[in-house]
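S.K.: Mind looking over this structure? Questions follow.
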Amino acid sequence: MKFDRYVNLLLEAIESNTTYSILPGGFKPPHKGHFEAPRYLLKHSDSGIVYIGKSERDGITAEQSKSIWDVYLKYLDRPVDVIIAPITPVKSTYEFVDNHLTDKIVVGIGPEEDPKELKRYDYFLKHPDKYSNVNVLNIPAMHGRISGTQTRQGIIDKNPAIIDTFVPEVLSQHDRSTVRQILGL
């Protein structure tokens, strides 16, 4: 019986043409390195999902993060859903994968030098028979290392220039203003 299940899963995977990329994280707030991560992942997939942590961090809420991601989405070349994770972004990733075992899935993790990130997804790697459809991809650090703590401090200090340090350069002036409004700058 177990062999038949695996054969059926394999056949379904071969027939499946859908590849998803998943980017889980806190994103308080999402910065230009975060913005580049789905762009990098979408090279390997048809569509993406960004799972945002629900916890507030230094006054930045999940709702604000989602609103900023919504601004960023129009600059991505493939569809991406942004979802506030009901429990954690990691748990939401595992649930999505378990519900899409016949689709190809790329889970983006980073920064590349942080072994804790890879450890969160060890279960996929330790169970290749069940998760042969999953590729855990280490995303290279982009735009140097942008400090979320320093960014949040700039927001707390109401420093409007902080926008220039973390917002992607491709954003229009209108969208930059929208991000300022979302953050109360």
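The values are calculated or read from the model by the stated rules, or taken from the named source; none is laboratory data. This one's a predicted model, so the numbers in the text were calculated from it and none came from an experiment. Backbone-built Cβ (ideal geometry, glycine too); neighbour counts: all protein chains shown.
S.K.: What do you reckon, is Ile109 at pLDDT 90 or above, under 15 Å from Val50 (Cβ atoms) and either of a type in the set (A, V, I, L, M) or touching a Leu at 6+ places or on another chain (Cβ under 6 Å) (or both)? If you could, list the steps in order and put the result at the bottom.
M.R.: Details: at pLDDT 90 or above: no; under 15 Å from Val50 (Cβ atoms): yes; either of a type in the set (A, V, I, L, M) or touching a Leu at 6+ places or on another chain (Cβ under 6 Å) (or both): yes.
So Ile109 fails the test.
S.K.: Name the residue, out of Ile52, Ile87, that is within 20 Å of Phe166 (Cβ to Cβ) and of a type in the set (A, V, I, L, M). Write out each step before concluding.
M.R.: Working: Ile87 fails: within 20 Å of Phe166 (Cβ to Cβ).
Just a single option satisfies the conditions, and that option is Ile52.
S.K.: Now for a separate question. Can you name every residue in the range 74-94 that is buried (at least 16 other Cβ atoms within 10 Å of the Cβ) and farther than 16 Å from Tyr20 by Cα?
M.R.: Correct list: Ile84, Ala85, Thr88.
S.K.: Could you tell me which residue of the range 1-30 is modelled with the lowest pLDDT, considering only residues that are surrounded by fewer than 22 Cβ atoms within 10 Å (Cβ to Cβ) and part of a loop (DSSP other than H, G, I, E, B)?
M.R.: Residue satisfying both the conditions and the ranking: Met1.
S.K.: Could you look through the range 139-172, keep only residues that are in contact with a helix residue (DSSP H, G or I) (Cβ under 6 Å, 6 or more places away or on another chain) and in a loop (DSSP other than H, G, I, E, B), and pick out the one that is surrounded by the most Cβ atoms within 10 Å (Cβ to Cβ)?
M.R.: Only one residue tops the list, namely Val167.
S.K.: For the range 52-80, how many residues are in contact with a strand residue (DSSP E or B) (Cβ under 6 Å, 6 or more places away or on another chain) and under 25 Å from Gln153 (Cβ atoms)?
M.R.: Counting residues in the range 52-80 that are in contact with a strand residue (DSSP E or B) (Cβ under 6 Å, 6 or more places away or on another chain) and under 25 Å from Gln153 (Cβ atoms) gives 6.
S.K.: Hey, another quick one. Tell me which residues, restricted to the range 36-72, are at pLDDT 95 or above, surrounded by fewer than 16 Cβ atoms within 10 Å (Cβ to Cβ) and in a helix (DSSP H, G or I).
M.R.: Once the filter is applied, which keeps residues that are at pLDDT 95 or above, surrounded by fewer than 16 Cβ atoms within 10 Å (Cβ to Cβ) and in a helix (DSSP H, G or I), the range 36-72 yields Glu63, Asp70.
S.K.: Looking at the structure I just gave you, is Glu95 modelled with pLDDT of 95 or more and either aliphatic (A, V, I, L, M) or closer than 24 Å to Asn138 by Cβ (or both)?
M.R.: Working: modelled with pLDDT of 95 or more: yes; either aliphatic (A, V, I, L, M) or closer than 24 Å to Asn138 by Cβ (or both): yes.
Against the criterion (modelled with pLDDT of 95 or more and either aliphatic (A, V, I, L, M) or closer than 24 Å to Asn138 by Cβ (or both)), Glu95 qualifies.
Results for (1) farther than 20 Å from Val179 by Cα; (2) not aromatic (Phe, Trp, Tyr), shown as yes or no for each residue.
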position: Arg39; (1), (2): no, yes
position: Leu42; (1), (2): yes, yes
position: Asp46; (1), (2): yes, yes
position: Ile49; (1), (2): yes, yes
position: Ser55; (1), (2): no, yes
position: Trp69; (1), (2): no, no
position: Lys74; (1), (2): no, yes
position: Thr88; (1), (2): yes, yes
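S.K.: For Val136, all conditions in the list (1) in a helix (DSSP H, G or I); (2) within 16 Å of the chain's Cα centre (by Cα) hold save one; what is the number of the exception?
M.R.: The failed condition is (1).
S.K.: Something else about it: Only one of these is loosely packed, with under 13 Cβ neighbours inside 10 Å and touching a residue at least 60 places away in the same chain (Cβ under 8 Å): Asp175, Asp129, Asp103. Name it.
M.R.: Numbers: Asp175 fails: loosely packed, with under 13 Cβ neighbours inside 10 Å; Asp103 fails: loosely packed, with under 13 Cβ neighbours inside 10 Å.
Of the residues listed, the single one that is loosely packed, with under 13 Cβ neighbours inside 10 Å and touching a residue at least 60 places away in the same chain (Cβ under 8 Å) is Asp129.
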